[in-house]
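Quick notes on the structure that follows.
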Amino acid sequence: MTVASDHQRHTRSTPDGEGERVDLPITGMTCAACANRIEKSLNKSTGVRKANVNFATSRATVEYDPAATGLKQLFATVKDVGYGTTGTARADFIVDDSARPSGSAQPLEKHLNAIRGVVEASFNLGTSQVRVEYLTGETDVRAIHTAIEEFGYTVRDTPGTRDMGSGEGSEEEARRKEYEEIRRKFWIATILSLPILVIAMSHGRVAALNFGGVNWLQLALATPVVFYCGAQFYRGAWAAFRHRAADMNTLIAIGTGAAYIYSIAATVYPSFFAGSTGSDPMPGMAGMSGTAMVPVYFEAASVIIALILLGRMLEAGAKGRTSEAIQRLAKLQAKTARVIRGGMESEIEVERVLPGDTVLVRPGEKIPVDGVVLEGSSAIDESMLTGESIPVEKTVGAQVFGATLNKTGAFQFEATKVGRDTALQQIVKMVQDAQGSKAPIARLADVISGIFTPVVICIAIATFAIWFILAPVDIRFTMALVNFVAVLIIACPCALGLATPTAIMVGTGRGAENGVLIKGGESLETAHKLDTMILDKTGTITKGEPALTDVIVMDGTPEEELLRLVASAERQSEHPLGQAIVRGAEARNILPGKADEFRAVPGHGLQATVDGRMLMLGNIKMMRDGNVDLGDGEERASGLAADGKTPMYVAIDGRLAGIIAVADQIKPESAGAVKAMQQMGLDVVMMTGDNKRTADAVAKQVGISRVLAEVLPEGKAGEVKRLQEGKAVVGMVGDGINDAPALAQADVGIAIGTGTDVAIEASDITLLRGDLRGVVTAIALSRATIRTVKQNLFWAFIYNVVGIPIAAGVLYPITGWLLSPVIASAAMSLSSVSVVTNSLRLRRFRAPGIATGAI
């Protein structure tokens, strides 16, 4: 398995290599409009080339010019819009500057501030203390420590050091605190709102609640709810107002604020409203007649805030589960490693393992980092990386990967990649990048979210005006106010904003668990449109490594003896076909002997003397040149060639002794995977540079009828383009460097994980398993994800399209129904939760065929 390395697409450099990219964790967003506003502000900032804010992941992915701006400026931009940031940590270092007494703090500060991931660095000459704020996940204490010492200072102590490189701790802590704050406010709001709701619902029919100061009691209970529990909504609305924008906070603040302010006025000056508001227009749902029979709506303000907080709690919990797959992968990392240094064995934290360390792994232990086996062998369960449940045998020289599970034997390996360079961490980062990207289908929701709030405010104002004009005079104000508040509260851009990113998050995470790495939302969306799938032959359908398939005896020489003689001669050959024969002989426990007078004949074969017998191995031309009578050998060789094999004649002492054939073997899963793709409606095409007869033979065995044979490497991209010009949406699966242009040309390029880094870099999807079952999984996952996105968008649109008119009272003339703001707030809260919950259904995704054993 090969995973893209640090210099590739998922790294922190931009795809064109001309800038840097960073993920900024953001707090305080409540809807897609918040994400849009932050995105616009970042995109307007100096030095920012492109910014994308994902509401579901609460992250901003920013591509920027490090010479023109930095993390400090980016954080400041986010905070200026009215939102918080997290994910940073602080480290303090006490340095000895005797080796470099400069008398100025600026050189070291400038040096540290230029390090990628450093937000701000300061150097206090008086205390010799260097304080560095950095973005965890981008750099760590060890790297900063090294940078200080490389600049000429000696670090004596790190008294304020926290977070030795886990990278996610501070962000998780911030998210946890944010959730706990919401939960605390919800319970306070609930406890204080419950009596208000009871008073409002009693409508004076409960004698104990029908006393003169009841409205003042409601005011006392509702005020903490509005000013403490709902404070973040008003702060958010004010921040939006300062930037001439409106979002979900604006709707909540205006809705609850209007109900609260009116109720205060009606409580303080009931006589002023007694004549203009009349009685409660919706008995049984809202209002309370006070001393002067003036309805108040404290319950609308407080209960709405409580329900919205409840919705935020449920939403946060559901959103957290959308990234469970990646969290599960990340938590598989071993905590400790048993290393051998200087002949001594010791157990250390996995963060302290260095490249070059010899690591000992015993049965049942997790492998701590990536490396190469030095001694011993074992079966390794790599299912957490590839999804393949069958353990893989590892011997000396084999690659092993961190977080995989050692099943049987003990072995030692040399650590080659540690920390963020391990395959597991690269996969986690790649999936996080994909989750931070936007699918094209999200653009419609973005456009609507951008204008949603102003449109809803306009509808609410129109609702108030119409009801105030058309309703009976004695109740017109209360009806206008109630419907005005209901329209503001029921409108929910959150559901629109969550519809796409939550499904993409769950889909890409589920893909990673199945060994399918999807590099972005656009790739995931395009994959579901594919109607043509081109499969490279060598290394994709086949194993890409020739193997001995047939040994045919022609003159009575024992089969084992014939193979031994040929293998003895081929031991001196470096030709891949010769190596395949040697491996085949060894697999049959046949030990090749020594050959003399070895001579390779380019384009024909070889000659050698083995055990005093003159041996010729080669094609028909070589036999004819040697005057060897082929008898019916030519016919039998043609039969082997028709099956896609490469036959070689063997002549001993001038007589045909037999025929040996080798072939690139077809992977056992290929035929089943091709069948599954065809059942999914894909037109499967095989493309290869091999001759047509061999290509047809392989294609026939796996059930492919359309073959593009004898295509040169430079022509593969052209073939893909030719199919695209015929209106086909083309996927291309390959593994070699020569496949890279075709992978890039295809609408979706899919690289086999056993292939080259170049092919993986050029692809949109990487299959960690080296077989075609991952293609079926990727297509099925794409279809399931996009289907979920469309369901989410449908319900989000329908909810608002139906809910807003009902809240405005369009049904009242026909049915007499009006919607209580309290009911509206409950519906709004549940709409977001329902969208996220629908996305979470993708966690149950199973690749077609795998569960039924069809592949």
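The values are calculated or read from the model by the stated rules, or taken from the named source; none is laboratory data. Because the structure is predicted, anything quoted here is derived from the model rather than measured. Here the Cβ positions follow ideal geometry from the backbone for every residue, glycine too, while neighbour counts run over all protein chains shown. Please note that ligands, DNA and RNA were not included when accessible areas were found on the heavy atoms of the full protein model with its side chains. Shrake-Rupley method; radii C 1.70, N 1.55, O 1.52, S 1.80 Å.
Values for this structure:
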item: Accessible-area order (highest first, 1.4 angstrom probe) of the listed residues Lys50, Lys407; result: Lys50, Lys407
item: Surface share of carbon and sulfur [accessible, 1.4 angstrom probe, percent] for the chain; result: 56
item: Size of electric dipole in region 105-149: Cβ of Lys, Arg +1 and of Asp, Glu -1, about Cα centre, debye, nearest 20; result: 60
item: Cα long-axis angle, helix 713-725 against the chain (0 to 90 degrees, to the nearest 10); result: 40
item: Highest-first arrangement of 365-373, 39-47, where packing means the average Cβ count within 10 Å; result: 365-373, 39-47
item: Overall form of region 396-460 per C-alpha gyration tensor (a/c, 1.5; a/b vs b/c); result: prolate
item: Heavy atoms of Thr223: accessible area, 1.4 Å probe, square angstrom to 10; result: 40
item: Peptides 337-347, 764-774, 602-612 ordered by average Cβ neighbours within 10 Å, highest first; result: 764-774, 602-612, 337-347
item: 222 nm mean residue ellipticity, helices alone, for the chain (DSSP H n ≥ 4; -39,500 (n - 2.57); rounded to 500); result: -15000 deg cm²/dmol
item: Accessible-area order (highest first, 1.4 angstrom probe) of the listed residues Ile814, Ile457; result: Ile814, Ile457
item: Debye, to nearest 20: dipole size of region 596-637, +1 on Lys, Arg Cβ, -1 on Asp, Glu Cβ; result: 140
item: Angle in degrees between helix 576-587 and the longest Cα principal axis of the chain, rounded to the nearest 10; result: 90
item: Per residue accessible area in Å² of region 688-800, where ligands, DNA and RNA are left out and the probe is 1.4 Å; result: 38
item: Ranking by accessible area, most exposed first, for Ser834, Ser568 with a 1.4 Å probe; result: Ser834, Ser568
item: Label assignment, volume of the Cα convex hull per residue in Å³ derived from the structure, set [x] 207; [y] 234; [z] 219; result: [z]
item: Accessible area in square angstrom per residue, region 546-661, 1.4 angstrom probe; result: 49
item: Exposure of Asp653 as accessible area (Å², to 10), given a probe of 1.4 Å and all protein chains; result: 90
item: Sites excluded, chymotrypsin sites (Phe, Trp or Tyr not before Pro) in DSSP loops with at most 16 other C-beta within 10 Å, longest stretch of the chain; result: 212-816
item: Sequence-distant lysines (8 or more away, or on other chains) whose Cα lies within less than 19 Å of Lys177; result: Lys79, Lys185, Lys319
item: Rounded tilt (10° steps) of 476-490 against the dominant C-alpha axis of the chain; result: 20
item: Electrostatic dipole magnitude of the chain [Cβ: Lys, Arg +1; Asp, Glu -1; Cα centre; debye, to 20]; result: 3180
